[in-house]
Amino acid sequence: MTEESKDHGGRAAARRRRKPAGRRKALAVAAWSAAGVVLLGGAGLGYFYFKFNGNLKTVDIDQALGTDRPQNVDNGSMDILVLGSDSRGGANGEYGRDDGGSARSDTAMIIHLYEGHEKASVVSIPRDTMIARPSCATAGGKTDPGGRRTQFNEAFTVGGAACAVKTVEKMSGIRMDHYIEVDFTGFKKIIDNLGGVEVTTNKPIKDGASHLDLAAGTNKLNGEQALGLVRTRKSVGDGSDLGRIQLQQAFIKALIKQVKGIGVFDNPKRLLDLADSATKAITTDKALGDVKSLMGFAQGLQGIDAQDMQMITLPVTADALDSNRVAPLAKETKMVWDALLADRPIPAEATVNSSGDKGTAGSIVQ
């Protein structure tokens, strides 16, 4: 990438950001993007600044994808692809058979920040959605041809972050401004350093696969329990990935309330512990790959509360060829993408016929 194109990209990204009014504490748009928020108080602390910069891992999406991307629409909005990586390699091996580090996108969310960055829409994509995947470069320097019928989360396995972004952009026609990825172990540490997250369950949740055992009522979840909740599938709703998505969305709102209420920025030790664990936990696109950039990104989220977030699942129905998979509803999905591209709220009729928003899992957690 030339210096001229880098400069142009930087100006385009800057035009899409607008700082909200007021001096409220920073909070995360989603559980997986909570990492950026904790940097606000540590960016000027000398040694810690360089330490946290050294923790960060980045991927150059712009260089990997080149010009084969949707137009960067200049309307003040911002779109972020957030993935939760479920590799069973290394420290994550306790959650299943070691796969040698071959990661999968266990959780995928498109976060759309509306102009002014005071409201957001979150679209969760079921990992078993059958889609047409474009060709992608692989880690071995070869090219995977993609296919007309592939499972959504295979994109990340095949070609990592760049392939996941390319696939989402081909699906939606929307250019992703940023990419954030968090793995299992990092997520646990972030929640532990926050002091846990309080949720209320309307009924007991016991799931052997995710090692979760919660009584009905108010529960303060530590990192291990929080991870169990967002991974729980078999014991809630219809037992599908759609039920797990609803639990994840309910947890995200609880997390946002927690971050606002615990006074993180008044406790230097907690702040530094959070910043250390968060910067170790995430992988970002190159544009967010330093503390200063993450700080600016977090400041852009200051105006968003839990009630300012519209959260849906991509409109899907049972796949015609495989009852264990889902397929996008063409008309309703187009409504979603058209609304976000135009920086408008997602219309209610987009989810009327969707299997993704009919489960009961989300109603279990308050």
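The values are calculated or read from the model by the stated rules, or taken from the named source; none is laboratory data. Because the structure is a prediction, the values reported are computed rather than measured. Glycine also receives a Cβ, built like all others from the backbone with ideal geometry; neighbour counts cover every protein chain displayed. Side chains are part of the model used for accessible areas, which takes the heavy atoms of the whole protein and leaves out ligands, DNA and RNA. Shrake-Rupley method; radii C 1.70, N 1.55, O 1.52, S 1.80 Å.
List the pairs whose first member sits in the stretch 39-59 and is at pLDDT 85 or above and part of a helix (DSSP H, G or I), whose second member is basic (Lys, Arg) and open to solvent by 50 Å² or more (accessible area, probe 1.4 Å), and whose Cβ atoms are under 8 Å apart, counting only residues at least 6 apart or on separate chains?
55/280
Tally up the residues in the stretch 188-207 that are open to solvent by 30 Å² or more (accessible area, probe 1.4 Å) and over 16 Å from residue 281 (Cβ atoms), please.
7
I'd like to verify a number: residues in the stretch 260-292 that are within 11 Å of residue 195 (Cβ to Cβ) and modelled with pLDDT under 75, how many? Steps first, please.
Narrowing the stretch 260-292 to residues within 11 Å of residue 195 (Cβ to Cβ): 261-264, 267, 270, 273-274.
If we keep only those that are modelled with pLDDT under 75 as well, we get 261-264, 267.
The number of residues fulfilling the criteria is 5.
Given 210, 240, 172, which one is open to solvent by less than 40 Å² (accessible area, probe 1.4 Å), under 18 Å from the mean Cα position of the chain (by Cα) and hydroxyl-bearing (Ser, Thr, Tyr)? Step through it out loud before you land on a result.
Values: 210 fails: under 18 Å from the mean Cα position of the chain (by Cα); 240 fails: under 18 Å from the mean Cα position of the chain (by Cα).
Sole residue among the options that is open to solvent by less than 40 Å² (accessible area, probe 1.4 Å), under 18 Å from the mean Cα position of the chain (by Cα) and hydroxyl-bearing (Ser, Thr, Tyr): 172.
Would you point out which residue out of 150, 143, 157 is β-branched (Val, Ile, Thr) and within 19 Å of the chain's Cα centre (by Cα)?
Values: 150 fails: within 19 Å of the chain's Cα centre (by Cα); 143 fails: within 19 Å of the chain's Cα centre (by Cα).
Going through 150, 143, 157 in turn, just one is β-branched (Val, Ile, Thr) and within 19 Å of the chain's Cα centre (by Cα): 157.
What do you reckon, is residue 180 under 23 Å from residue 111 (Cβ atoms), at pLDDT below 95, of a type in the set (A, V, I, L, M) and not in a helix (DSSP H, G or I)?
On the way: under 23 Å from residue 111 (Cβ atoms): yes; at pLDDT below 95: yes; of a type in the set (A, V, I, L, M): yes; not in a helix (DSSP H, G or I): yes.
Spelling it out, residue 180 is indeed under 23 Å from residue 111 (Cβ atoms), at pLDDT below 95, of a type in the set (A, V, I, L, M) and not in a helix (DSSP H, G or I).
Answer yes or no: is there a residue in the stretch 243-258 that is modelled with pLDDT of 75 or more and farther than 18 Å from residue 306 by Cβ. Show your work before the answer.
Within the stretch 243-258, the subset modelled with pLDDT of 75 or more is 243-258.
Filter once more, keeping what is farther than 18 Å from residue 306 by Cβ: 243-244.
There is at least one residue in the stretch 243-258 that is modelled with pLDDT of 75 or more and farther than 18 Å from residue 306 by Cβ.
Of the residues that make up the stretch 87-110, is at least one modelled with pLDDT of 80 or more and farther than 20 Å from residue 160 by Cβ? Don't jump to the end; show me each part of the working.
Going through the stretch 87-110, the residues modelled with pLDDT of 80 or more turn out to be 107-110.
Adding the requirement that they be farther than 20 Å from residue 160 by Cβ leaves none.
No, every residue in the stretch 87-110 fails to be modelled with pLDDT of 80 or more and farther than 20 Å from residue 160 by Cβ.
Looking only at the stretch 128-169, which residues are in a helix (DSSP H, G or I), surrounded by 23 or more Cβ atoms within 10 Å (Cβ to Cβ) and not small (Gly, Ala, Ser)?
Hits for the stretch 128-169 are 156, 163, 165, 166, 167, 168.
In the stretch 226-237, how many residues are modelled with pLDDT of 90 or more and open to solvent by 60 Å² or more (accessible area, probe 1.4 Å)?
0
Go through the stretch 290-307 and give me each residue that's assigned to a loop (DSSP other than H, G, I, E, B) and either of a type in the set (S, T, N, Q) or within 19 Å of residue 175 (Cα to Cα) (or both).
Taking the stretch 290-307 first, the residues assigned to a loop (DSSP other than H, G, I, E, B) are 290, 300-305.
Answer for the stretch 290-307, where residues must be assigned to a loop (DSSP other than H, G, I, E, B) and either of a type in the set (S, T, N, Q) or within 19 Å of residue 175 (Cα to Cα) (or both): 300, 302.
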